[in-house]
Amino acid sequence: MCLGIPGEVKSIVEGDLRMGKIAFGGILKEICLAYVPEARVGDFVVVHAGFAISCIDPDGAARVFSYLEELGAVREDEP
Amino acid sequence: MRFIDEYRERDTARGYVEAIGALVTRPWSIMEVCGGQTHSIVRFGLDELLPPQITLLHGPGCPVCVTPVETIDTALVIASRPEVIFCSFGDMLRVPGSSSDLFTVKSKGGDIRVVYSPMDALVLAERHPHREVVFFAVGFETTAPANAMVAFEARRRGLHNISLLVSHVIVPPAMEAILAAPGSRVNGFLAAGHVCTIMGMDEYRPLAEKYRVPIVVTGFEPLDILQGVAMCVRQLEDGRAEVENQYERSVRAAGNIPAQRMLREVFEVVPRTWRGIGRIPASGLGLRVAYADYDAERKFRTERHEENVATDCKSGLVLQGLLKPPDCPAFGLRCTPEMPLGATMVSSEGACAAYYRYRRLSTEPCAPSILR
């Protein structure tokens, strides 16, 4: 139910209700951007039920790989 | 697709499984409270990859599954009215009420539309000014801002032929109910990444402190969940009970401020009954008085009947992590997604439906628990 799909912002229409076109792979959908005023064309956003709920932070996106390295380093430090 | 495929990569998953194996020294039970995570865990077999000391418990993470029978009954009454166009997310249609479901009402001629976004209901209301459009507003904090926008926009656009049947639930009070229950087995939580994308992490800190449980805000892809488990196990082994963020690419500590502002504008916190669990104080959202004109229950003057329907369904135990779906005597026999006894078998995010879809051929035939 709380499924969120990442997509790329392709265009933005400002107005009473901020809307935009988001690409999910090859599919374009009209999505409400009212909750991501910071989103710009080219950003990736997480979309849930027709609404973008966050902008994806590229640094945060790489964390899953660096954390594993960190865990490996902790293990090597142990006697 | 970008930001999906890389989080399903095999070698990193293997690395995490090894790392978790090296961290763990004792048995730990970790509960996820998000149906999307439950679905990923069962679909990708993550629980079977983990060391035997780690048990993943599936919590009440599916809003469809916890929507009470009496709310479904109210939906059935409203959806049967000839002037109504009833809009719902698809997975609500087969959820059993006390005697029927929305799917049956639709097959008898009820005008029930499955929508992808609550905004679709708004478009229908504009397109059909002589009909009454009702939107079934269910969901956790993730969905609530989207649903709130319907009421807000309806008022702004001066639409009077649209209303919401609201059955929103919020997650932290349910986590507390589980922790406070006698005999709770939960040592740590994976908190729901998209709920926290909206609400942030602050409301989880008092829970972590009071009950001494680590809470790791976690995403939905296999690597997210494995990293979440690794962070949780690391805290447990270190004797820490903190709120940490695995899902950094989407979750900010303060959450989504514009979405929270909209939630406060339209909704207020109310008590709510959770199907299978019971009434939990301050665990739901209802429309504020300023939006009472958009309250479908008020508009159609429906009365709620609190009923205790006798059923073989053990979904209450499943939702609290006390029973695994294949251990239910009805699982896959008298209860299937086509003929569900309870809501956990209906939604693709319900634990029973996930086990039915991915595990029914691999699980051992259920022996009565007394023989085991």
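The values are calculated or read from the model by the stated rules, or taken from the named source; none is laboratory data. Here the structure is a predicted model, which is why all the values come from computation and not from measurement. A quick note on method: Cβ atoms are made from the backbone with ideal geometry, for glycine too, and the neighbour counts reach across all protein chains shown.
Among the residues of region A:45-59, which ones are touching a Lys or Arg at 6+ places or on another chain (Cβ under 7 Å) and more than 20 Å from B:ALA192 (Cα to Cα)?
Across region A:45-59, there are no qualifying residues.
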| query | Which of the residues spanning region B:72-89 are part of a loop (DSSP other than H, G, I, E, B), of a type outside the set (Lys, Arg) and more than 16 Å from B:HIS160 (Cβ to Cβ)? | reply | B:SER80, B:PRO82, B:PHE89
| Mind checking which residues of region B:166-217 are outside any loop (DSSP other than H, G, I, E, B), over 24 Å from B:THR67 (Cβ atoms) and within 14 Å of chain A (Cβ to nearest Cβ)? | B:VAL216, B:VAL217
| query | Which residues, taken from region A:38-64, are over 15 Å from B:THR197 (Cβ atoms), within 10 Å of chain B (Cβ to nearest Cβ) and either assigned to a loop (DSSP other than H, G, I, E, B) or in contact (Cβ under 8 Å) with a residue 40 or more places away in the chain (or both)? | reply | A:GLY50, A:ALA62
| When residues of region B:230-270 are limited to those that are under 25 Å from B:VAL213 (Cα atoms) and in contact with a Lys or Arg (Cβ under 6 Å, 6 or more places away or on another chain), the one surrounded by the most Cβ atoms within 10 Å (Cβ to Cβ) | B:VAL243
| request: Please find, within region B:90-109, the residue that is nearest to the chain's Cα centre (by Cα) out of those that are without any contact (Cβ under 8 Å) to a residue 60 or more places away in the chain and part of a loop (DSSP other than H, G, I, E, B). | output: B:LEU93
| So which of B:GLU83, B:GLU141 ends up being more than 10 Å from chain A (Cβ to nearest Cβ) and either over 23 Å from A:CYS2 (Cα atoms) or touching a residue at least 12 places away in the same chain (Cβ under 8 Å) (or both)? | B:GLU83
| remark: Scanning region B:218-259 for residues that are assigned to a helix (DSSP H, G or I) and out of contact with any helix residue (DSSP H, G or I) (no Cβ under 7 Å at 6 or more places or on another chain) gives B:GLY228, B:MET231, B:CYS232, B:GLN235, B:LEU236, B:ASP238, B:ILE257, B:PRO258
| task | Go over the candidates A:VAL41, A:VAL13, A:VAL74 one by one and state the one that is modelled with pLDDT of 95 or more, of a type in the set (Val, Ile, Thr), loosely packed, with under 15 Cβ neighbours inside 10 Å and more than 30 Å from B:PHE136 (Cα to Cα). | result | A:VAL41
